[in-house]
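Undergrad: What follows is a structure written as structure tokens; I'll ask about it next.
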Amino acid sequence: MTRRSTDKTVNADKESGLFGNRLRRKEALTGYLFILPALIGLIAFFAFPTIRAAQISLTNWNLMRPAHWIGFDNYGKLWADGKFWDSMQITLLYVIYNIPLQTALGLIIAVLADRLAKSVLFRAVIIAPYLISNVVAGLVWLLMLDPLIGLTNTFLTGIGIPPQSFLSSPDQALISVAGISIWRHVGFTALLFYAGLQSIPRDLYEAARLDGASESAMFRMITLPLLRPVMVFVLVTSVVGSFQVFDVIAVTTQGGPANSTRAVLWYIYENAFQFSRMGYASAMSMVLFVFLILVTLLQMRLLHADRSDLG
Amino acid sequence: MKNLTNYLLVSAAILAPTTVFAQDTVRYWMWDGQQAPVYQQCANDFEALNSDIHIEITQTGWDQYWTNLTTSFISGDAPDVFVNHLMRLPEFAANQMIEDLTPLLADASYDTSGYLPGLLENWSKDGAIYGLPKDWATVAVAYDRDKLKAAGLQPSDLADMNWNPEDGGSFQKIIAHLTVDTNGKRGDEEGFDPNSIATFGLVLNPLSPQGETEWAYLAASTGWRFIDEPWSTHYNFDDPRLAKTLTWIRDLARVHHLMPTVEQTGRLGAETLMFSDKGAMTVTGSWLVGLYHQSKPSVAFAPIPAGPQGRKTMFNGLADSIWTGSPVKDAAWKWVQYLGSDACQTTVAKAGVVFPAQQDQIETTVKAFEDKGVDVSAFTKVATEETTFAPPITDYGNEISSIVKAALESVMLGRENPEEILTDANEEINSLF
């Protein structure tokens, strides 16, 4: 009897297990179906090209003739190519010009929007530049920053500041490119922070206020720590994005003047599509790829991306 | 029997469109927007004569043109025929992307004697011909008639300008006189304020690597040449005559303030400055005459100044090349022949946008420009063997451009010393070969 009942239980367990497995499998299938479009995109537009680039980087392919295997020659050449390291340095400088200011401005705008102006119109205006393509933003600013006929210098001279060269001076070009990029991206950064601010429980501020905390203390002790997940997202994506600056440079300076804005992606583009050195350009892309993975891992580690201060 | 008739009728109906309308489509690419409508006219005329061929013209801007072309070679989707530039000829020829037209020309007994001297030779290497010349270009001074009049000068004052790298000759004097500060003082007057210029006497963007309309005509007038012979593997950027010429241009901007500095010129170029009344004179190519006529009708043209060795202009010319991978080569060759024919060249000449490659079309073109009220004699006057030099045709065109541009930027930004900068660039260039 006991035996039989045990058998029954086992059978019941088996049945429910089977049912459970089927359910789980069905759920898993649904899950896979949901991520399938993204997965296809990831494989077709990221994984495959990355593998292909790695393969091309070991050849001397010039786009027109069949590729020949040359092993790691391109990497050896790259190591000794001063222009490549210069371009990495310029890119790093660009990231330094770009990220802190963009993040700080984005945060200030978000906090102001959260505390003072709740209007949808304000948020729409803030995000407007992000809705313009980089190329259009570049073209508009190219005209606005033109030293002789641009609006910016007309304004500056109007208030007694001497006209500036902006994109055509080697000292100001990279800063100007960074400025254009900040103008375009700061709204989006602000919007991300704004969304993050909405997830911070309001009672924390109320409690702090009761304890007599000032606005700046609340910002430091509550807002900033609880915004960390958003901060990680903003920093990781904007740092990686900044290292890949290309379109604004292509439209405004094309790496000049005197190579002062020859960022690494522009140098890769020049080699690939202007000098037809696809193998060498791919090798540089692979080095940049590995470098960016390391930068991202380091950022995640330093910012404790896996931990939240809430709760 | 009825069934059979029906069957035949149906078969005929199915076959009819394919037999009657079977057409080869020849895809033709070009970058010049001004010329596209003219060549569309040629295409229409060609199609009327060849109902089995359809010409599909695609025009894209210069910047995208070459990238699109190179990538289309890989994707196997390149145009059957395309307008080609001498700067890209070596690379395309070496990689066998463009057809050698020699056997086709021989088969068709094509008469090439009508081209202006030098044009066909530019497109030839080791007995192979890689493009059929379609036009030619020289350079001239473009000046604003109103500003000239305001300065009390006559067009005849610009007809015989001279230049030297030491003091700039009469060219520099005229540039100075045409420069006006915001107080109305001219560049050669007492009290001229170099820090507040309303109109510059000359506007140039001297950073162009081939310097066709910027510096090459001046440097060449001192006897300097890019290379000593076509397809050379040695450049002459280290020649002191070039350094002197570029130094004169630099100082015109940085010392005399008669021309905007490269920082002031920005990326918009000389045309924009002329259109926006910031410049009284510039140097331009014959391919831009139409643009000036359209956008700034007050602009007229004068011959380039004569240097120590006389007037020298780059004699450039485009050609039509056939892609080696074209699936419709016969039709493509027919189209290329038509482009070079009297019929199409006359259409181009009458449109007055560019000078066709055939010598006997010069008169028609000049007349077409005259009808529009434009005197182009400044361009035709220098289209002689004595007053022209060939553009540099060598391998590594794009790499060289990139190196030269950076060197020119350094020179024009006032960095020391021009001769050293150019010598370093020259070493880098010559080490490519």
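The values are calculated or read from the model by the stated rules, or taken from the named source; none is laboratory data. Computed from a predicted model, the values in this text were never measured in an experiment. Neighbour counts run over all protein chains shown; Cβ positions are idealised from the backbone, glycine included.
Undergrad: Read through the list (1) assigned to a helix (DSSP H, G or I); (2) within 14 Å of chain B (Cβ to nearest Cβ); (3) surrounded by 16 or more Cβ atoms within 10 Å (Cβ to Cβ), then give the number of the only condition that A:Gln164 fails.
TA: Checking A:Gln164 against (1) assigned to a helix (DSSP H, G or I); (2) within 14 Å of chain B (Cβ to nearest Cβ); (3) surrounded by 16 or more Cβ atoms within 10 Å (Cβ to Cβ), the one that fails is (1).
Undergrad: If you don't mind, another one. Surrounded by fewer than 21 Cβ atoms within 10 Å (Cβ to Cβ), within 12 Å of chain B (Cβ to nearest Cβ), under 27 Å from A:Thr237 (Cβ atoms) and among the β-branched types (Val, Ile, Thr), is that true of A:Val135? Before you say what the answer is, go through the steps one by one.
TA: Details: surrounded by fewer than 21 Cβ atoms within 10 Å (Cβ to Cβ): yes; within 12 Å of chain B (Cβ to nearest Cβ): yes; under 27 Å from A:Thr237 (Cβ atoms): yes; among the β-branched types (Val, Ile, Thr): yes.
Criteria met by A:Val135.
Undergrad: Just give me the residues in segment B:318-355 being in contact with a Gly (Cβ under 8 Å, 6 or more places away or on another chain), buried (at least 23 other Cβ atoms within 10 Å of the Cβ) and of a type in the set (Gly, Ala, Ser), in sequence order.
TA: Within segment B:318-355, B:Ala319, B:Ser321 meet the criteria.
Undergrad: How many residues does segment A:252-268 contain that are at the interface with another protein chain (Cβ under 9 Å from one of its Cβ atoms) and part of a helix (DSSP H, G or I)?
TA: Here is the first cut: in segment A:252-268, the residues at the interface with another protein chain (Cβ under 9 Å from one of its Cβ atoms) are A:252-260, A:262.
Filter once more, so that each one left must be part of a helix (DSSP H, G or I): A:252.
Residues meeting the conditions: 1.
Undergrad: Could I ask something else about it? Which residue is farthest from the other protein chains (Cβ to nearest Cβ), if the candidates are limited to segment B:59-74 and must be in a helix (DSSP H, G or I) and among the β-branched types (Val, Ile, Thr)? Give the derivation first.
TA: Of segment B:59-74, the ones in a helix (DSSP H, G or I) are B:62-74.
Restricting the remaining residues to those that are among the β-branched types (Val, Ile, Thr) gives B:67, B:70-71, B:74.
Values: B:Thr67: 5, B:Thr70: 5, B:Thr71: 8, B:Ile74: 5 Å.
If we take residues in segment B:59-74 being in a helix (DSSP H, G or I) and among the β-branched types (Val, Ile, Thr), then B:Thr71 is farthest from the other protein chains (Cβ to nearest Cβ).
Undergrad: Oh, and also: Being over 21 Å from B:Glu399 (Cα atoms) and touching a residue at least 60 places away in the same chain (Cβ under 8 Å) is the filter; apply it to segment B:70-97 and report the residue that is surrounded by the most Cβ atoms within 10 Å (Cβ to Cβ).
TA: Among residues in segment B:70-97 that are over 21 Å from B:Glu399 (Cα atoms) and touching a residue at least 60 places away in the same chain (Cβ under 8 Å), the one surrounded by the most Cβ atoms within 10 Å (Cβ to Cβ) is B:Val81.
Undergrad: If you don't mind, another one. Give the residues of segment A:174-213 that are out of contact with any helix residue (DSSP H, G or I) (no Cβ under 9 Å at 6 or more places or on another chain) and outside any helix (DSSP H, G or I), sorted by residue number. Lay out the reasoning, then the answer.
TA: First pass over segment A:174-213, keeping only residues out of contact with any helix residue (DSSP H, G or I) (no Cβ under 9 Å at 6 or more places or on another chain): A:202-203, A:206-207, A:210-212.
Within segment A:174-213, A:Asp211, A:Gly212 meet the criteria.
Undergrad: Mind listing whichever residues of segment B:411-424 are under 30 Å from A:Asn62 (Cβ atoms) and within 12 Å of chain A (Cβ to nearest Cβ)? Spell out the reasoning first.
TA: Step one: list which residues in segment B:411-424 are under 30 Å from A:Asn62 (Cβ atoms), which gives B:421-424.
Scanning segment B:411-424 gives a single hit, B:Ile421.
Undergrad: Here is a further query. Tell me whether segment B:98-108 contains one or more residues that are within 14 Å of chain A (Cβ to nearest Cβ), among the β-branched types (Val, Ile, Thr) and free of Cβ contacts under 8 Å to residues at least 12 places away in the same chain.
TA: Checked against the condition, which is being within 14 Å of chain A (Cβ to nearest Cβ), among the β-branched types (Val, Ile, Thr) and free of Cβ contacts under 8 Å to residues at least 12 places away in the same chain, segment B:98-108 yields no hits at all.
Undergrad: Hey, another quick one. Against the condition of a type in the set (Ser, Thr, Tyr) and within 30 Å of B:Asn205 (Cβ to Cβ), how does A:Ser242 come out, does it pass?
TA: yes
Conditions (1) among the small types (Gly, Ala, Ser); (2) at pLDDT 90 or above; (3) more than 22 Å from the chain's Cα centre (by Cα), marked per residue:
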site: A:Leu142; (1), (2), (3): no, yes, yes
site: A:Ile149; (1), (2), (3): no, no, yes
site: A:Pro163; (1), (2), (3): no, no, yes
site: A:Ala173; (1), (2), (3): yes, yes, no
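Undergrad: Being crowded, with 18+ Cβ neighbours inside 10 Å and of a type in the set (A, V, I, L, M) is the filter here, so list the residues in segment A:89-103 that pass it. Explain how you work it out, then say what you get.
TA: Taking segment A:89-103 first, the residues crowded, with 18+ Cβ neighbours inside 10 Å are A:90-91, A:94-95, A:97-99, A:102-103.
If the condition is that a residue be crowded, with 18+ Cβ neighbours inside 10 Å and of a type in the set (A, V, I, L, M), then A:Ile90, A:Val95, A:Ile99 are the ones that fit.
Undergrad: Right, here's the next one. In contact (Cβ under 8 Å) with a residue 40 or more places away in the chain and among the hydrophobic types (A, V, I, L, M, F, W, C), is that true of B:Ala349? Quick ask: steps written out before the conclusion?
TA: Values: in contact (Cβ under 8 Å) with a residue 40 or more places away in the chain: no; among the hydrophobic types (A, V, I, L, M, F, W, C): yes.
So B:Ala349 fails the test.
Undergrad: Continuing with this model, one more query. So B:Lys334 fits all but one of (1) part of a helix (DSSP H, G or I); (2) within 14 Å of chain A (Cβ to nearest Cβ); (3) touching a residue at least 12 places away in the same chain (Cβ under 8 Å); what number is the exception?
TA: So B:Lys334 meets the others, but not (2).
Undergrad: Would you confirm, using the coordinates I've provided, whether B:Ser401 is among the hydroxyl-bearing types (Ser, Thr, Tyr) and closer than 22 Å to B:Pro240 by Cβ?
TA: Numbers: among the hydroxyl-bearing types (Ser, Thr, Tyr): yes; closer than 22 Å to B:Pro240 by Cβ: no.
No: the conditions fail for B:Ser401.
Undergrad: Filter segment B:165-177 down to the residues that are of a type outside the set (Gly, Ala, Ser) and more than 27 Å from the chain's Cα centre (by Cα), then identify the one that is surrounded by the most Cβ atoms within 10 Å (Cβ to Cβ). Before the answer, list the steps.
TA: From segment B:165-177, those of a type outside the set (Gly, Ala, Ser) are B:165-167, B:171-175, B:177; that's our starting set.
Checking the rest, the ones that are also more than 27 Å from the chain's Cα centre (by Cα) come to B:166-167, B:173, B:177.
Numbers: B:Glu166: 10, B:Asp167: 11, B:Lys173: 17, B:His177: 20.
Per the criteria, the residue is B:His177.
Undergrad: Also, I was wondering about something else. Answer yes or no as to whether B:Leu408 is closer than 26 Å to B:Pro260 by Cα, crowded, with 18+ Cβ neighbours inside 10 Å and at the interface with chain A (Cβ under 10 Å from one of its Cβ atoms).
TA: Working: closer than 26 Å to B:Pro260 by Cα: yes; crowded, with 18+ Cβ neighbours inside 10 Å: yes; at the interface with chain A (Cβ under 10 Å from one of its Cβ atoms): yes.
Answer is yes for this residue.
Undergrad: Show me the helices (runs of 4 or more DSSP H) entirely contained within segment B:206-297 in which 3 or more residues are at pLDDT 95 or above and touching a strand residue (DSSP E or B) at 6+ places or on another chain (Cβ under 6 Å). Lay out the reasoning, then the answer.
TA: Working: elements: B:216-220, B:240-254, B:262-265, B:269-275, B:289-295.
Correct list: B:216-220.
Undergrad: If I filter segment B:391-417 down to residues being among the aliphatic types (A, V, I, L, M) and not in a helix (DSSP H, G or I), which single residue comes out as farthest from B:Gly118 (Cα to Cα)? So that I can check it myself, show each step before the final result.
TA: Going residue by residue through segment B:391-417, those that are among the aliphatic types (A, V, I, L, M) are B:393, B:400, B:403-404, B:406-408, B:411-413.
Checking the rest, the ones that are also not in a helix (DSSP H, G or I) come to B:393, B:413.
Values: B:Ile393: 13, B:Leu413: 36 Å.
Step by step, filter segment B:391-417, then rank; the result is B:Leu413.
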